[in-house]
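Reading through the C-alpha cells given below for one structure.
Read-outs: derived from the displayed coordinates by stated rules, not from any lab. Keep in mind that what you see is a predicted model, and the values were worked out from it rather than measured. Cβ placement follows ideal geometry from the backbone for every residue including glycine, while neighbour counts extend to all protein chains displayed.
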Amino acid sequence: MKNNIVLIGFMGTGKTAVGKRVSKRLGKTFFDTDEDIEKVCGMSIGRIFNDYGEVRFRSEEHLAVKRACKLDNAVIATGGGVVLNQDNIDLLSDKGLIIALNADPQEIQKRVSKRNSYRPLLGNDKSVAKIIELLELRKPLYQKADFTIDTTGKDLEEVVNEVLQCIENYENPGN
C-alpha cells in the first residue's frame, strides 16, 4: 500500500500549510520539495530561476522528488510545476496517494499577492489573466490526481479535514 501522501497543485493553493498540518495530525514526516531544493542549493527558488533558469530549477526539482520518494510514511508538498515532468508524477504516484489542491484564479491571485515571496513564473505579473494562462496549461496534469480538493473560500482546518477524508476513502473504499 502507498503510505505517502503527496500534495500537488498550483501555487497558492495551500500545499505547504495543509501538508504541515496533515503530517502533524497523522504523525508522518513532512517534506516540501521547494524547501528541499533551497536547502540543497543554498539559495532561493527565485534566485535559481534568475541565475540559472527554469531548466536548472526543473532538474533540481526532479532530484528533490527522487529524495522525497525515498521516504516512507511522509506527507510530501510539491512545487506547482512538479506535474510538468511525467517522471515526477510516476515516481510520486508509485510511492503515494496524490491529492491535488486547487482554487479559483481570483483566490490564487489574492493569496500570491498577499505574500512577499517571489513567484518566478509570475514575476511581477500576478494578474488573474496570467494565473489563468498558467492554470489552463497545467489543469489536465493536476486532474490526474487520485483526489482533488477545492480550497477556495475554505480555512486551513476545513481543507485538512477534507484531505484526511480522502485518505480514509482511499484506505477504506466503500465505507
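Per-residue Karplus couplings for the range 44-60, computed as 6.51 cos²θ - 1.76 cosθ + 1.60 with θ equal to phi - 60°, are listed in order as 5, 4, x, 5, 4, 4, 5, 7, 10, x, 5, 4, 5, 4, 4, 5, 5 Hz, Gly and Pro entered as x. Each Cα pair under 8 Å and six or more residues apart adds its sequence gap; the mean of these over the residue count of the chain is a relative contact order of 32 percent. Under 16 Å of direct C-alpha separation, and excluding same-chain neighbours fewer than eight residues apart, Lys66 reaches these aspartates and glutamates: Asp32, Asp34, Glu35, Asp36, Glu38, Asp87, Asp90, Asp94. A simple rule links phi to the HN-Hα coupling: the Karplus curve 6.51 cos²θ - 1.76 cosθ + 1.60 with θ = phi - 60°, which for the range 143-149 gives 5, 7, 5, 5, 9, 10, 10 Hz, with x for Gly and Pro. In this structure the amide hydrogen of Ala77, modeled in the peptide plane, comes within under 5 Å of the amide hydrogens of Leu7, Phe31, Asp32, Thr33, none closer than 5 places in sequence on its chain.
Scalar couplings 3J(HN,Hα) for the range 93-98, obtained by applying the Karplus form with A = 6.51, B = -1.76, C = 1.60 to θ = phi - 60°, are 6, 5, 9, x, 7, 9 Hz; x denotes Gly and Pro.
What trypsin sites (Lys or Arg not before Pro) in the range 56-96 are in a loop by DSSP, with at most 15 other Cβ atoms within 10 Å of the Cβ?
In loop regions of the range 56-96 (DSSP not H, G, I, E or B), the sparsely surrounded trypsin sites (Lys or Arg not before Pro) are Lys70.
Taking the inverse of the mean reciprocal distance over all distinct Cα pairs, the Kirkwood hydrodynamic radius of the range 12-161 comes to 15.9 Å.
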